[in-house]
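Asker: Sharing a structure with you now.
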Amino acid sequence: MSVKRLDFEPAMDPVPPHKHPPWPPIDYGYAINVSTGNHTWRTIADAIGMDVRTLIYFNFKTTNPREINFFLFNHLGCWRSRDRKNFDFEDAFNGTIYVPKNRALDDLDALREEMADILLRTQSGFPALVWLERGLSVAPHDISQVGQKLRQRKIVVLRASAFLNANSAEAMYKRTSTFTDRRLRAELTLLGAEAVIFVKDSFRAANLRDQYMFVHECTHAISHVKYTAILEIEDEILCRCASELWLMIRAGAAYDKLSIPEFLRPEPQKALAKQLLDSSAKPKVIDLFDREIDGRNVVTDLKAALKALYRSAHDPDGPLRDPRTRHVILAQIALLTKIAG
């Protein structure tokens, strides 16, 4: 490895080749670039909640300072020093260290790569989905960009059923900057992750329903990057339409371009909306929807929202009082109002 000429005498001892541990370490969880950002072993260990000596030993299989300097010089290309004895990470030529697997943060590399491949392989068949009245859109290149961010670990994937259940969610997109858990936010920042997509423990990349949920959250990622002032209801409608369209494309449908108002106007929805918005609507309307319309409805989650909406009219403690579900139900009301209008 090429390094700059040293202007100090480092405190290091050569380590015989037969004593060199595998590099990168076997079974590492993920890599961290430490050549910028004023990182030290201590700051990284504190951020990930790990003992400093354990982190160093995982990387170099030694805690001997003179041998550590040898590996910093030979593996990382370190050449700077604050005390003119021990190497710093700053400006290292290959400034990468490794964190072991099974940390509190496990970015599920195989699943992340698999979902990235699915998005990148199929994005070309995704039509431009536009909402001209609102100035919103989801295009094939947007899907591709999310796929690339997954591949580059700018977006990581975490299995977190307990967290999702506590938030009444099937999946969730969350930006790193919004995390209140300082340790997790620090570790995500070290990883270079801009955001996380949380999925259930049972998530399987090959499952179409799981793909539907994943594309929904990927669309949140798209809208949060493209639109700084998007309303929550608009965001939810955009995500639901994109994920439903994804399923239709996967099932063999083909479109060049679709507008959201057009996408939301199939006759079964229109007829149902008029009945439900009529004050004389009865439970049998919901039952009819279950039996005859849901299978052909592009917004498949509408059924649950409509049932919840109907129940809320008769239950003072219904789901509209719950802030975790209110925005979803309001989004569906907005859909119905637009269809029926």
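The values are calculated or read from the model by the stated rules, or taken from the named source; none is laboratory data. Please read these numbers as outputs of a predicted model, since none were measured by experiment. Here the Cβ positions follow ideal geometry from the backbone for every residue, glycine too, while neighbour counts run over all protein chains shown.
Asker: Being within 16 Å of the chain's Cα centre (by Cα), assigned to a loop (DSSP other than H, G, I, E, B) and buried (at least 18 other Cβ atoms within 10 Å of the Cβ): is that true of residue 112 here?
Answerer: no
Asker: Quick one: residue 75 ticks every box in (1) touching a residue at least 24 places away in the same chain (Cβ under 8 Å); (2) not in a helix (DSSP H, G or I); (3) not hydrophobic (A, V, I, L, M, F, W, C) except a single one, so which number is it?
Answerer: Of the numbered conditions (1) touching a residue at least 24 places away in the same chain (Cβ under 8 Å); (2) not in a helix (DSSP H, G or I); (3) not hydrophobic (A, V, I, L, M, F, W, C), the odd one out for residue 75 is (2).
Asker: To continue, here is another question. Do you know which residues across region 122-152 are in contact with a Gly (Cβ under 9 Å, 6 or more places away or on another chain) and modelled with pLDDT of 85 or more?
Answerer: 140, 152
Asker: A follow-up question, please. Among (1) modelled with pLDDT under 80; (2) out of contact with any helix residue (DSSP H, G or I) (no Cβ under 6 Å at 6 or more places or on another chain); (3) under 28 Å from residue 123 (Cα atoms); (4) surrounded by fewer than 18 Cβ atoms within 10 Å (Cβ to Cβ), which single condition is residue 284 missing?
Answerer: (3)
Residues checked against (1) closer than 27 Å to residue 129 by Cα; (2) of a type in the set (Asp, Glu); (3) crowded, with 18+ Cβ neighbours inside 10 Å; (4) in contact with a Phe, Trp or Tyr (Cβ under 6 Å, 6 or more places away or on another chain):
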{"site": "154", "(1), (2), (3), (4)": "yes, no, no, no"}
{"site": "165", "(1), (2), (3), (4)": "no, no, no, no"}
{"site": "168", "(1), (2), (3), (4)": "no, no, no, no"}
{"site": "180", "(1), (2), (3), (4)": "no, no, no, no"}
{"site": "186", "(1), (2), (3), (4)": "no, no, yes, no"}
{"site": "193", "(1), (2), (3), (4)": "no, no, yes, no"}
{"site": "201", "(1), (2), (3), (4)": "no, yes, no, no"}
{"site": "212", "(1), (2), (3), (4)": "yes, no, yes, no"}
{"site": "221", "(1), (2), (3), (4)": "yes, no, yes, yes"}
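Asker: For region 98-111, check the following and say yes or no: at least one residue is touching an Asp or Glu at 6+ places or on another chain (Cβ under 6 Å) and under 30 Å from residue 198 (Cα atoms).
Answerer: yes
Asker: Considering only region 26-36, I want to know if a residue exists there that is outside any strand (DSSP E or B) and over 30 Å from residue 179 (Cα atoms).
Answerer: Yes; the residues of region 26-36 include at least one that is outside any strand (DSSP E or B) and over 30 Å from residue 179 (Cα atoms).
Asker: Please work out if residue 249 is over 16 Å from residue 157 (Cα atoms) and touching a Gly at 6+ places or on another chain (Cβ under 7 Å).
Answerer: Taking the combined requirement at face value, the residue satisfies it.
Asker: Here is a follow-up. Taking the conditions exactly as written (surrounded by fewer than 17 Cβ atoms within 10 Å (Cβ to Cβ), among the basic types (Lys, Arg) and outside any helix (DSSP H, G or I)), does residue 134 satisfy them or not?
Answerer: Yes: the conditions hold for residue 134.
Asker: Related question: Take region 36-64 and flag every residue that is surrounded by 13 or more Cβ atoms within 10 Å (Cβ to Cβ), more than 26 Å from the chain's Cα centre (by Cα) and within 17 Å of residue 92 (Cβ to Cβ).
Answerer: Across region 36-64, the qualifying residues are 40, 41, 55, 56, 59, 60.
Asker: What is the one condition in (1) assigned to a helix (DSSP H, G or I); (2) more than 28 Å from residue 158 (Cα to Cα); (3) not basic (Lys, Arg) that residue 54 does not satisfy?
Answerer: Of everything listed in (1) assigned to a helix (DSSP H, G or I); (2) more than 28 Å from residue 158 (Cα to Cα); (3) not basic (Lys, Arg), residue 54 misses just condition (2).
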